[in-house]
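Engineer: Quick one: structure below, then a few questions.
A short reminder: the numbers here are calculations on the coordinates, not readings from a lab. Since this is a predicted model, take the numbers as computed values, not measurements. Methodologically, a virtual Cβ is constructed for each residue, glycine included, from the backbone with ideal geometry; neighbour enumeration extends over all protein chains shown.
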Amino acid sequence: MAMAKLVLVLAMALLAMAMADSSHKVLAKATDGSSEQYMQALNGQGSLRTFQCPSQCSRRCSQTQYHKPCMFFCQKCCVKCLCVPSGYYGNKGECPCYNNWKTKRGGPKCP
């Protein structure tokens, strides 16, 4: 009887974790123009935790020659917005906070 209860509790915990994980997925429309398929993006606003920012910013800044400033500002933006756009450049529409944070001069703050 105790073993059955333990298995039931573990199964419910796994189901709850799966449901919580799936709630952070955002549907994004494919931009290739040829198809109307929808793809799942895992990087919508607020979908990251602060401990995930360094790895996501490393990915985002991996192809720039200005790696240190890119990492500095990317991590600052990630901590505030809890998201980093996909790809190495652009795609800022996936994260409005990341896109709309501007410098004093009005330029983009986030890489």
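Engineer: Taking the range 68-111 on its own, what percent of its Cα-Cα pair distances exceed 14 Å?
Structural biologist: 42 percent
Engineer: Let's test this: bin the Cα-Cα distances of the range 39-110 at 10 Å from zero up to the farthest pair and state each bin's percent.
Structural biologist: 22, 59, 18, 1
Engineer: Then there is this: Of the listed peptides 62-70, 89-97, what is their order by residue-averaged count of other C-beta atoms within 10 Å, with the highest listed first?
Structural biologist: My ranking of the peptides, most packed first, is 89-97, 62-70.
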